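This report refers to the structure that appears directly beneath it.
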Amino acid sequence: MNAILNKKQLSQNVYLMELYAPIISGECRAGQFIILSLNNEFAERIPLTIADSNPEKGTITIIFQVVGKTTLELSNLSEGEKIVNLLGPLGNPTHIEKFGKVLCVAGGIGVAPSYPIAKAMKKAGNELKVIIGARSKELIIYESEMRELSDELIVCTDDGSCGRKAIVTEPLKELCISWKPDIVVAIGPAIMMKFCAETTRPFGITTLVSLNTIMIDGTGMCGGCRVTVGNETKFVCVDGPEFDGHKVDFDNMMARLGAYKDLESQAYHKCKLDSSLKK
């Protein structure tokens, strides 16, 4: 159980792993996530979205970016090794139905959790358009998969090295005017989701965002993942991870995430140093 069957590096510091997890693969739906830890009971627990699943093979796919101690350790594992603790599926699945016109907007590593949602929306009979963005060509993932899936794919890069030189909110606004989507699903960095929601707000287009906050237990007991949505306190792990983007207090969420940034950076660099010393 929990063995790594396949491992690929997709871009700088971004990895894909296919894991043997038959119970999770048989139950998970688009938008849900897992929590994993790598060794003993005191190890850090991190949430990762299920990017794909294959119930026939009993596998799930995760895609992650190396940003801290645990993701660095995870990236150092090889095919055949096992992840000690894997919990899921967690969170509420995305509500999938035939809305009509669906626009998925994904930034950076956010393309990974966007993919199963886009796939499910297309399967439900929706007309699907996708916008993906990254800082440069080297950081774009799942472009061919999204292109095959969508009726139209727009690629944006900050430096213009691939697709259009723009941020994702530019084509988003244009499509809100010309195409008039019935629903927008935006997933990526918090600041990107905030401005996607602000872009769609004047048009009154329903906008879902998938939040990735600090999590510990994944059951709503620790309160670490709390966010303010419509002036109410919500817990991302049990009430989300998807919320109405027009109601999320992104400034409060980003302030809470920032409080952990320095500690995470220190742990990451210490782990990297320890890894280099062992070689």
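We did not get these values from a lab; they are worked out from the coordinates using the rules stated. Here the structure is a predicted model, which is why all the values come from computation and not from measurement. For neighbour counting, all protein chains shown are included, and Cβ atoms are generated from backbone atoms with ideal geometry for every residue, glycine included.
For Rg and Dmax of the Cα atoms in Å, which listed value, [x] 21.1, 68; [y] 18.2, 57; [z] 28.1, 95, comes from the coordinates shown? Checked against the structure: label [y].
Between Ile177 and Asp244, what is the label-to-label distance in nm when each label sits 7 Å out along the Cα-to-Cβ direction? With each label point 7 Å from Cα toward Cβ, the separation is 2.7 nm. The residue among Gly107, Val236, Thr219 whose Cα reaches farthest toward the positive pole of the charge dipole of the chain, with charges on the beta-carbon of Lys, Arg, Asp and Glu, is Gly107. With 25 Å as the limit on Cα-Cα distance, the pairs of Lys129/Lys194; Lys137/Lys234; Lys82/Lys129; Lys123/Lys247; Lys8/Lys69 that go past it are Lys137/Lys234; Lys82/Lys129; Lys123/Lys247. Could you work out the helix-only [θ] at 222 nm for the chain, with each DSSP H run of four or more residues adding -39,500 (n - 2.57) and the total divided by the number of residues, to the nearest 500 deg cm²/dmol? Calculated at 222 nm, the ellipticity per residue is -9000 deg cm²/dmol. For segment 101-258, go through all pairs of different Cα atoms, get the mean of 1/r, take its inverse, and jot down that Kirkwood value in Å. With all distinct Cα pairs of segment 101-258 included, I get 15.8 Å. A simple spin-label model places the labels of Arg135 and Thr206 3.6 nm from each other, with each point 7 Å out along Cα-to-Cβ. Only Lys, Arg, Asp and Glu carry charge here, each on its Cβ (+1 for the first two, -1 for the last two); on that basis the chain has a dipole of about 280 debye about its Cα centre. Annotation: the residues His95, His246, sorted from fewest to most other C-beta atoms within 10 Å of their own C-beta, follow the order His95, His246.
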